[in-house]
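Just below is one structure, and these are the notes that go with it.
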Amino acid sequence: MRLRLGRPDIAAYRDRFDVPTARDGLAVTFLGVSSLLIDDGSSAILTDGYFSRPTMARVGLGRIAPDPTRISAALDRAGITALDAVIPVHTHFDHALDSAVVAERTGAALVGGPSAALIGHGHPLPPERIVVAEPGSTLRLGGYDVTFVPSHHCPPDRFPGTITAPVRTPVRASAFRCGDAWSIIVRHSTSGRSALVQGSAGYVSGALTGQSAEIAYLGVGQLGVQSDEYIEAYWQETIRAVGARRAVLIHWDDFFRPLTEPLRALPFAGDDLDRTMTVLARLADRDGVTLSFPTAFAREHPWS
């Protein structure tokens, strides 16, 4: 098969960068890949917190470690000083490389499965700030009730399996094995507003049955290389399962590019965002769901 060069032009979807701005109160801020800051002015949680974004060459040929300068710059730009929890959606490097460092700097608990805990132990975080979530459990994290529903990584999973020993960086990217992949339901305890965070474009059939969320942050990385049938099943098992009326797409950006540069789509060699959008736009139109992209570092109110 002939390799397709280049990458989709994200500017082709400029009209879908339409998530309303948050004036005050509850807001979600997209920080690249599947990093989402959910903040109401008094309590805040963060998924992933991946800011170092090492180059493809470093990931493929060398060893990787959190970059303190890039982490500081991202936290400052997002106005993050304190967090109640940092929650990796799974433990690949492009989600969990910086999670323990961000938790340490912000006073947060690191919350996830056993693999996430071993990243915390390797940093190391104090044991009392490492929380292992049980599948199906709901935890009160600051001002939010967070439910952890088992999910799958989108195929192919290049680093499958679990982490079995504390991760002490620098290490090969393969040390960050997938671990537990989660569908995360976040419910704001004051307003009752709810969101599904689906950090990877995988699913477990029926896992979200009985769950509800007004909006969904939907991971689409590698979705464009799946069959139409897979994409439709993914939509059914996430957006339709929880009854979301807006789907905000995440994990579409080139995570080897620093956050100081404008976000761009992953190259065709690894994904095809254009194909993803063709199928998802059809499904969204059919179901009356608003299909949006988030604007990086912008406080947004997707429930509007």
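The values are calculated or read from the model by the stated rules, or taken from the named source; none is laboratory data. Remember, it's a predicted structure, so these values are computed and weren't measured experimentally. Don't worry about glycine lacking a Cβ; one is built from the backbone with ideal geometry, like all the others, and counts go over all protein chains shown.
Please pick out the residue among HIS153, HIS92 that is in contact with a Lys or Arg (Cβ under 8 Å, 6 or more places away or on another chain) and crowded, with 22+ Cβ neighbours inside 10 Å.
That would be HIS92, the only listed residue that is in contact with a Lys or Arg (Cβ under 8 Å, 6 or more places away or on another chain) and crowded, with 22+ Cβ neighbours inside 10 Å.
All but one of (1) in contact with a Pro (Cβ under 8 Å, 6 or more places away or on another chain); (2) within 20 Å of PRO126 (Cβ to Cβ); (3) of a type in the set (Gly, Ala, Ser) hold for SER52; state the number of the condition that does not hold.
Tallying (1) in contact with a Pro (Cβ under 8 Å, 6 or more places away or on another chain); (2) within 20 Å of PRO126 (Cβ to Cβ); (3) of a type in the set (Gly, Ala, Ser), SER52 fails exactly one: (2).
Being in contact with a strand residue (DSSP E or B) (Cβ under 8 Å, 6 or more places away or on another chain), on the phi < 0 side of the Ramachandran plot and small (Gly, Ala, Ser) is the filter here; which residues of the range 163-203 pass it?
ALA173, ALA181, SER183, SER189, SER194, ALA195, GLY199, SER200, ALA201, GLY202
Just one of THR276, THR290 is at pLDDT 95 or above, surrounded by 15 or more Cβ atoms within 10 Å (Cβ to Cβ) and within 27 Å of PHE51 (Cα to Cα); which is it?
THR276
Conditions first: (1) within 19 Å of the chain's Cα centre (by Cα); (2) farther than 25 Å from LEU26 by Cβ. GLU300 passes all but one, so which condition is the exception?
Exception for GLU300: condition (2).
Of the residues in the range 18-30, how many are in contact with a Pro (Cβ under 8 Å, 6 or more places away or on another chain) and either surrounded by fewer than 15 Cβ atoms within 10 Å (Cβ to Cβ) or in a helix (DSSP H, G or I) (or both)?
Within the range 18-30, residues that are in contact with a Pro (Cβ under 8 Å, 6 or more places away or on another chain) and either surrounded by fewer than 15 Cβ atoms within 10 Å (Cβ to Cβ) or in a helix (DSSP H, G or I) (or both) number 1.
For the range 208-230, indicate whether the set of residues that are in contact (Cβ under 8 Å) with a residue 24 or more places away in the chain and over 28 Å from THR295 (Cα atoms) is non-empty.
For the range 208-230, residues in contact (Cβ under 8 Å) with a residue 24 or more places away in the chain and over 28 Å from THR295 (Cα atoms): present.
Kindly check whether there is at least one residue in the range 219-240 that is small (Gly, Ala, Ser) and closer than 18 Å to PHE148 by Cβ.
Among the residues of the range 219-240, at least one is small (Gly, Ala, Ser) and closer than 18 Å to PHE148 by Cβ, which makes the answer yes.
Looking at the range 249-268, I want the residues that are buried (at least 16 other Cβ atoms within 10 Å of the Cβ) and have a partner that is in a strand (DSSP E or B) and at pLDDT 95 or above with Cβ atoms under 6 Å, at least 6 apart or on another chain. Which pairs are those?
LEU249/LEU218; ILE250/TYR217; ILE250/GLY219; HIS251/GLY219; TRP252/ALA265; LEU263/ASP253; LEU263/ALA296
Which of the helices (runs of 4 or more DSSP H) found entirely inside the range 60-167 contain at least 1 residues meeting this: touching a helix residue (DSSP H, G or I) at 6+ places or on another chain (Cβ under 6 Å) and without any contact (Cβ under 8 Å) to a residue 24 or more places away in the chain?
Once the helices (runs of 4 or more DSSP H) in the range 60-167 are filtered for at least 1 residues that are touching a helix residue (DSSP H, G or I) at 6+ places or on another chain (Cβ under 6 Å) and without any contact (Cβ under 8 Å) to a residue 24 or more places away in the chain, what remains is 114-122.
Just name the residue that is nearest to GLN222 (Cα to Cα) out of those in the range 3-42 that are more than 19 Å from the chain's Cα centre (by Cα) and polar (S, T, N, Q).
THR21
List, please: which pairs have Cβ atoms under 6 Å, are six or more places apart or on different chains, and start with a residue in the range 1-29 that is under 23 Å from GLY41 (Cα atoms) and end with one that is surrounded by fewer than 16 Cβ atoms within 10 Å (Cβ to Cβ) and modelled with pLDDT under 95?
PRO20/SER304
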